[in-house]
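Participant: Sharing a structure with you now.
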Amino acid sequence: MKKTAIRGLKTAILSLALAGLIALPALAQEGAIKYRQSVMKAVGGHMAAMGAILKGTGGQARDLKVHADAMAALATVAANAFPEGSDFGMTRAKEVIWENPVEFKKVVQVFIDESAKLAKITASGKFKAAAAQFLHLGKNACATCHKKFREKKK
Amino acid sequence: MPALLPGAARLPSLALAVLVIAAVVASGPAPAGEPDPVRGKYLFAAAGCAACHTDKKGKGASLAGGRKLKTPFGIFFSPNITPDPEYGIGKWSDRDFIRALRQGVAPDGRHYFPVFPYPSYTGITDRDLLDLKAYLFTRPPAKTANKPHDTAPPFGWRFLVPLWKSLYFTPGPFRADPGRSGQWNRGAYLVTALGHCSECHTPRDGLGGAKAGMALAGTTKGPEGGLIPNITPDKETGIGRWSDGDLHEILKTGMLPDGDFVGDVMGEVVDETTGRLKVADLKAIILYLRSLPPVFHRIERKKK
């Protein structure tokens, strides 16, 4: 009788420990995924805001620099938003990011370089050139990466 | 397979359809003037041929086919459409080409599976088809053999395709609506025929036919299992609240109103098709989409 009670307790402790082992990394991953999604939302927010200013549908030209600088800074953050193991959970990040990190890093570098270039052009006040660079960034960084490394919505 | 039974009752109409098709093909009028490959290049972009007929992932030659197309009805591999006489379409006559795209029938008489979007391409005019063919024949030939499809019965049974056609396929070139503007008709032609938007954006029933009354209303069972948005002008679940500028942006650059850039299939469409269209054509598309009956149909991500 006593033996079975102890056995039951042991099983419970072991189960809890195992559950904890599994749950803790899972929680950490969920946190990393949520963070990444927040960063990407901010990236998208600045893109949409710049698009509005450049097309003249909203905002003010003098604020373009704020968004362009933020984007250049965020690009370096985004590079760190894909830690190992953050491919499990509610994420559309494809596994190939971690399977082929060299390829992924190349695209991230494009993001960093092109957004830095946009910030530079914006600072020089060349509105037209900024619009062209904005599109260039969207196509070569955002769209290219999403095509290769982001799962479709399911 | 009880779902196929209603089709059986339609067999007489199928026979009639075949007769009509045969008559149309036999008397198909040849358009005047030499085919224009430059015009064809633009039509090639507007029809989005490159994306499906090139196996980019497998680093296949341009237009040599072999791209894997995962559908709810099985896995299909696109064929070689380069002018190679042996492996491609190099031996095709103008009539062969028109018949393939208008009727969904190969030169040897086999029926194509409707994964080839001939239910849309049927609307392309003879003139445009011949220009398109002229352009294709300027492309480099590739000696890439076609791969067999990987389908489960009954969807891999080619002899059922005519039955499917009798149920869901209305052949014939686009007819302009004289009650509408030229711009509207151009938009309708681009969306329904060349652009074949409905192939992805219109939900299908269990047999792969377009659901009635749901044109362009989106689906949760898109190609490769993705979510395809509702692009009817419904204010809540479609594009009813998007500005013309928003629509222009997604088509031209792939940027969504929230600053996100589309990836996967629509990303390819922007690269190969909509991003290459003239501004006047994009305006026509937008005008046409806005004129559609709004359909309330919410496409949502599955909650886990």
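FYI, it's all coordinate maths here, none of it is from the lab. Small disclaimer: the values here were computed from a predicted structure and weren't measured. Glycine also receives a Cβ, built like all others from the backbone with ideal geometry; neighbour counts cover every protein chain displayed.
Participant: Please list log₁₀ I(q)/I(0) at q = 0.10 Å⁻¹ for region B:31-168, using the Debye equation with identical point scatterers on the alpha-carbon positions.
Facilitator: -0.32
Participant: Please give the FRET efficiency for A:ASP113 paired with A:VAL66, using the beta carbon to beta carbon distance and R0 = 22 Å, rounded to the nearest 0.05.
Facilitator: About 0.60, to the nearest 0.05.
Participant: Test of understanding: ordering B:CYS52, A:CYS142, B:CYS197 by Cβ neighbours within 10 Å, fewest first, what list do you get?
Facilitator: Ascending number of Cβ neighbours within 10 Å: B:CYS52, B:CYS197, A:CYS142.
Participant: Separate question: Along the Cα→Cβ direction, 7 angstrom out, place labels at B:ASP126 and A:GLU103. What is the inter-label distance in nm?
Facilitator: It works out to 4.7 nm between the two label points.
Participant: Which whole-Hz ³J(HN,Hα) couplings does region B:278-289 yield from phi under the Karplus relation 6.51 cos²θ - 1.76 cosθ + 1.60, θ = phi - 60°, glycine and proline marked x?
Facilitator: 5, 4, 4, 6, 4, 4, 5, 4, 4, 4, 5, 4
Participant: Right, next: Based on the alpha-carbon gyration tensor of the protein assembly as shown and its eigenvalue square roots a ≥ b ≥ c, which shape applies: rounded if a/c is under 1.5, prolate if not and a/b is larger than b/c, or oblate?
Facilitator: In terms of gyration-tensor shape, oblate.
Participant: Just to be sure I understand the model, the point goes 7 Å from the Cα along the line to the Cβ. What's the resulting B:GLU236 to A:GLN37 distance in nm?
Facilitator: 2.4 nm
Participant: For a label point 7 angstrom out from the Cα of A:GLU151 toward its Cβ, which stretches of region A:85-111 have the backbone nitrogen within less than 13 Å?
Facilitator: Taking a point 7 Å out along Cα→Cβ of A:GLU151, the residues of region A:85-111 whose backbone N falls under 13 Å are A:86-97.
Participant: Moving to a separate point now. Name the residues whose placed amide hydrogens come within less than 5 Å of the amide hydrogen of B:ILE299, ignoring near sequence neighbours (fewer than 5 apart) on the same chain.
Facilitator: Hits under the 5 Å cutoff: B:ASN230.
Participant: Turning to a different aspect of this structure: Using 1/(1 + (r/R0)^6) with R0 = 35 angstrom and r between the beta carbons of A:THR57 and B:VAL38, what's the FRET efficiency to the nearest 0.05?
Facilitator: Approximately 0.50, to the nearest 0.05.
Participant: Going down the table (B:LYS235/B:LYS278; A:LYS148/B:LYS56; A:LYS94/B:LYS68; A:LYS153/B:LYS59), which pairs top 23 Å between alpha carbons?
Facilitator: B:LYS235/B:LYS278; A:LYS153/B:LYS59
Participant: Could you work out, residue by residue across B:265-272, how many beta carbons of other chains sit within 10 Å of that residue's beta carbon, and then give the average as an integer?
Facilitator: Per residue, the number of nearby Cβ atoms from other chains is 3 on average.
Participant: List, in order, the whole-Hz ³J(HN,Hα) value for each residue of region B:139-148 obtained from phi through the Karplus relation with A = 6.51, B = -1.76, C = 1.60 and θ = phi - 60°; use x for Gly and Pro.
Facilitator: 7, x, x, 10, 8, 10, 6, 6, 9, x
Participant: Can you list the lysines whose alpha carbon is less than 23 Å from that of A:LYS65, not counting same-chain residues fewer than 8 positions off?
Facilitator: Partners found: A:LYS41, A:LYS55, A:LYS117, A:LYS120, A:LYS126, A:LYS128, A:LYS139.
Participant: Counting only C-alpha contacts under 8 Å and six or more residues apart, can you give the relative contact order of chain B as a whole percent?
Facilitator: After rounding, I find 18 percent.
Participant: What is the order of B:LYS59, A:LYS152, fewest Cβ neighbours within 10 Å to most?
Facilitator: Placing the least packed residue first, the sequence is B:LYS59, A:LYS152.
Participant: As a footprinting exposure proxy, order B:GLU249, B:GLU224, A:GLU95 by other Cβ within 10 Å, with the fewest listed first.
Facilitator: A:GLU95, B:GLU224, B:GLU249
Participant: Provide the FRET efficiency to the nearest 0.05 for the A:SER124-B:ALA152 pair, computing r from the beta carbons and using R0 = 56 Å.
Facilitator: 0.40
Participant: Full-extension gain between B:ARG276 and B:THR170, please, as 0.36 nm times their residue separation minus the C-alpha to C-alpha distance.
Facilitator: 35.3 nm
Participant: Using only Cα atoms, locate the centre of region B:222-248 and the centre of region B:51-104, then give the distance between them in Å, rounded to an integer.
Facilitator: Distance between centres, Cα-based: 29 Å.
Participant: At what distance in nm do the modelled label points of B:PHE296 and B:PHE77 sit from each other, each positioned 7 Å from its Cα along Cα→Cβ?
Facilitator: It works out to 4.7 nm between the two label points.
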